[in-house]
Amino acid sequence: MDVENEERTAGTPAPPTQPLISGSQIHKVYEVGRDRVEILHDISLRVHGREMVAVMGPSGSGKSTLLYCLAGLEEVTGGQVVINGVNLAGRSRTDLAKMRRSELGFMFQSYNLVPTLTAAENVELPYLLGSRKPAAGLVAQALAQVGLSEHGDSRPSSMSGGEQQRVALARVLAQRPKVLFADEPTGALDTRMGRVVLEAIGEIAHTSGQCALIVTHDPNVAAQCDRVLFLRDGRLVAEMVQPDSAQVAAQLAALTSEAE
């Protein structure tokens, strides 16, 4: 299903700009013993600049797998993924790693912090891996933006899950990526800090030449996005533009009921 050609349930069409994320007829198959398990089925989508797009669906619908495939962390079995005009097919691991360090930002449920580094060093890490230096004061500014000014010298083991998640966000803020991929970015946060995180992600996504794709189970998070894409059983089955949380919750409940 190509959502670009589907009637939208609310709002207006996406802006006709060159997409920063483009997936065409994506299939993902895992080999389990002698069996082939197809997780994603013929998914096509686009995310344009200045868009913040959510992906939702029942448990096991393939949300995180789709995110990993679009981010180049998982190789698609069939179809095509293009990020900022670059076709990921046939790219070497080195090329993909360079792209992730320079153009892509990530916020995952596991936070992906290096335990031996301080919070400030974790924020600075994408620059160090690319043999670059952040602008003076950039790391401190990013930590301050997420309320961690006093934790720059702290290591992940001494921080709560919510604090670690905010370090991961600070790293993204300092990196200033063109494309941000986030998997449950507010999952370990209280309501107040969740709003801070969503505002920061929105600031990234709505900057010219940038965008964000978020996997979430929370209708309130999805309602803050410009569009919401719904998966069921590895297929893209619905899309909403600028919906409210009640509309999102109702659509998700319907899909969950159908999946049971």
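The values are calculated or read from the model by the stated rules, or taken from the named source; none is laboratory data. All of these numbers come straight from a predicted model, not from anything done at the bench. Virtual Cβ from ideal backbone geometry, glycine too; neighbours counted across all protein chains shown.
Collect the residues in the range 141-153 that are surrounded by fewer than 17 Cβ atoms within 10 Å (Cβ to Cβ), within 24 Å of LEU198 (Cβ to Cβ) and out of contact with any Lys or Arg (no Cβ under 8 Å at 6 or more places or on another chain), keeping them in residue-number order.
Across the range 141-153, the qualifying residues are GLN141, ALA144, SER149, GLU150.
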Next item on the list: Find the helices (runs of 4 or more DSSP H) located wholly in the range 113-198 whose residues include 3 or more that are over 22 Å from the mean Cα position of the chain (by Cα), and list them.
Entry: 119-129, 138-145
Check: Say we look at the range 197-218 and pick out the residues that are free of Cβ contacts under 8 Å to residues at least 60 places away in the same chain and buried (at least 18 other Cβ atoms within 10 Å of the Cβ); which of these is nearest to ALA54 (Cα to Cα)?
Finding: ASP218
Next item on the list: Determine whether the range 177-190 contains at least one residue that is surrounded by fewer than 17 Cβ atoms within 10 Å (Cβ to Cβ), acidic (Asp, Glu) and within 18 Å of TYR111 (Cβ to Cβ).
Entry: yes
Notebook entry, point to check: What pairs can you find where one residue is in the range 33-53 and surrounded by fewer than 18 Cβ atoms within 10 Å (Cβ to Cβ), the other is among the aromatic types (Phe, Trp, Tyr) and not in a loop (DSSP other than H, G, I, E, B), and their Cβ atoms are less than 7 Å apart, with a gap of 6+ or different chains?
Noted result: VAL37/TYR30
Check: Is there any pair linking a residue in the range 219-248 that is within 24 Å of ARG195 (Cα to Cα) and in contact (Cβ under 8 Å) with a residue 12 or more places away in the chain to one that is basic (Lys, Arg) and assigned to a strand (DSSP E or B), with Cβ under 8 Å and at least six apart or on different chains, and which?
Finding: GLU239/ARG227; MET240/ARG227; VAL241/ARG227; GLN242/ARG227
Next item on the list: Given the conditions (1) touching a strand residue (DSSP E or B) at 6+ places or on another chain (Cβ under 6 Å); (2) part of a loop (DSSP other than H, G, I, E, B), report the number of the one that ILE204 does not fulfil.
Entry: (2)
Next item on the list: Would you check which residues across the range 81-94 are out of contact with any Pro (no Cβ under 8 Å at 6 or more places or on another chain), within 26 Å of ALA222 (Cα to Cα) and either at pLDDT 95 or above or outside any loop (DSSP other than H, G, I, E, B) (or both) and list them?
Entry: VAL81, ILE83
Item checked: Only one of LEU213, LEU231, LEU236 that is part of a strand (DSSP E or B) and in contact with a Lys or Arg (Cβ under 7 Å, 6 or more places away or on another chain) -> LEU231
